[in-house]
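The values are calculated or read from the model by the stated rules, or taken from the named source; none is laboratory data. Everything quoted here is computed from the prediction, not taken from an experiment. Please note: Cβ atoms are built from the backbone with ideal geometry, for glycine as well, and neighbour counts cover all protein chains shown. The accessibility values were calculated without ligands, DNA or RNA, using every heavy atom of the protein model including side chains. Shrake-Rupley method; radii C 1.70, N 1.55, O 1.52, S 1.80 Å.
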Amino acid sequence: MKEITVEKTLAPKARPQDESKLGFGSIFTDHMFLMDYFKGEGWVNPRIVPYGSFTLDPSAMVFHYGQAIFEGTKCYRRADGGLQLFRPQDNLARMTRSAARMCMPALDEQTALEGLKKLVEIDADWVPHQPGTSLYIRPTMIALDPQLGVHAARHYLFFIICSPVGSYYKEGLKPVGIYVEDEYVRAVRGGTGFTKCAGNYAASILAGDIAEKKGYSQVLWLDGVEQKYVEEVGSMNMMFAYGSHIVTPMLNGSILPGITRDSILTLAQQLGYTVEEKRLAIADIFEDIRAGRLTEAFGTGTAAVISPVGELCWKDEKLVIGGGQIGPVAQKLYDTLTGIQYGRIPDENGWIMKL
Ligand SMILES: *Cc1c(COP(=O)(O)O)cnc(C)c1O
């Protein structure tokens, strides 16, 4: 592992006073972690420096050909004031898998993890205290070569920035309405669906915008070939409960292998639910909702952990799920996973990394 240098800020910013107004991703801490990659040299110069702007050449490849990948993980404050991370090494391993698809270099995961931990320790006072709040951590990798030729870059920047974020649920877990997108697609077989690349998001914004105008909070994507099978929601994987049986789309290369998805599938089995990963036709899901067999639907992702879905709209048919209320399975899984993340429940899966 390479030595990480630290330059502390001489002008610390005022930290947000009112933690109930934090929102998501608009305030950043005092420092950031940076590391360069040069072809032939590998990852060099890992450093923590004051948070600030970059100066990039307008021809930098990231602006033109979009070699940009990112991750999202969180640091949680326990009731005793201590801090803990949740499966951060899995995020860095996923970034290396994203990088391979984007022809970007494998991350030096060990140095990146040390940098992540050191950065959070230096900015520890920025981790908020109120229930449900956390420090959102955003590792990112971009291509920097000032070069308009289309090819893999030779110089990359890896950086980590941190943002204190508010409680996703101020009034308890509120079910959301989701719009099943049947025109645009997010990912196709052989594409970049399984990566956390910026381009996947760029291509999704239009559908999200249209859904919002129709009164839905997010889009549910169908497969990119037949538009018959459930893939996932904007930044969440989807799960459906039939009583105590949970089904979720299997990982097929076009959906993102969520760390929350994996954690929920593991916990669900430990709690005595049965789980099944398979191809799920949206027509069958709608039939099962109409027939009352499907009792709950929810999304899983780092930001919200679990987001119950109270209504689905597909081709102008609107169906309410579980009376529009959060169901017992989603509530139990939410309570258990957040309990582990905030240190209220013992972690029996080796997921927690205490700082
Ligand atoms: C990040 C993301 C998820 C959720 O992944 P987690 O690791 O659980 O946060 C799901 N779908 C997409 C498209 C994502 O980008």
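Of everything in the range 50-77 that is more than 14 Å from the ligand (Cβ to nearest atom) and of a type in the set (Gly, Ala, Ser), the residue that is farthest from His129 (Cα to Cα) is Ser59. Restricting the range 60-80 to residues that are touching a residue at least 60 places away in the same chain (Cβ under 8 Å) and among the hydrophobic types (A, V, I, L, M, F, W, C) leaves a set whose member that is most open to solvent (accessible area, probe 1.4 Å) is Ala79.
Across the range 105-123, the number of residues qualifying as part of a helix (DSSP H, G or I) and more than 26 Å from Pro12 (Cβ to Cβ) comes to 2.
If you take the residues of the range 241-279 that are more than 16 Å from the ligand (Cβ to nearest atom) and aliphatic (A, V, I, L, M), which of them is nearest to the chain's Cα centre (by Cα)? Once the filter is applied, the top-ranked residue is Val247. Taking residues in the range 135-160 that are outside the structural domain of Tyr51 (by TED's automatic domain parsing), and partners anywhere that are modelled with pLDDT of 95 or more and open to solvent by 20 Å² or more (accessible area, probe 1.4 Å), not one pair has Cβ atoms closer than 9 Å while being at least 6 places apart or on different chains.
When the range 183-202 is filtered for residues that are surrounded by fewer than 16 Cβ atoms within 10 Å (Cβ to Cβ) and either more than 16 Å from the ligand (Cβ to nearest atom) or of a type outside the set (Ser, Thr, Tyr) (or both), the ones remaining, listed by number, are Glu183, Val188, Arg189, Gly190, Ala202.
Taking the criterion of being open to solvent by less than 10 Å² (accessible area, probe 1.4 Å) and among the β-branched types (Val, Ile, Thr), the residues of the range 276-304 that qualify are Ile282, Ile285, Thr300. Screening Leu83, Leu113 for residues that are open to solvent by 10 Å² or more (accessible area, probe 1.4 Å) and out of contact with any Phe, Trp or Tyr (no Cβ under 9 Å at 6 or more places or on another chain) leaves exactly one candidate, Leu113. Every test in (1) open to solvent by 60 Å² or more (accessible area, probe 1.4 Å); (2) at pLDDT 95 or above; (3) of a type outside the set (Gly, Ala, Ser) is passed by Leu220 save one, and that test is (1).
When every residue of the range 232-246 is checked against the conditions, none turns out to be among the aliphatic types (A, V, I, L, M) and farther than 13 Å from Ile306 by Cβ.
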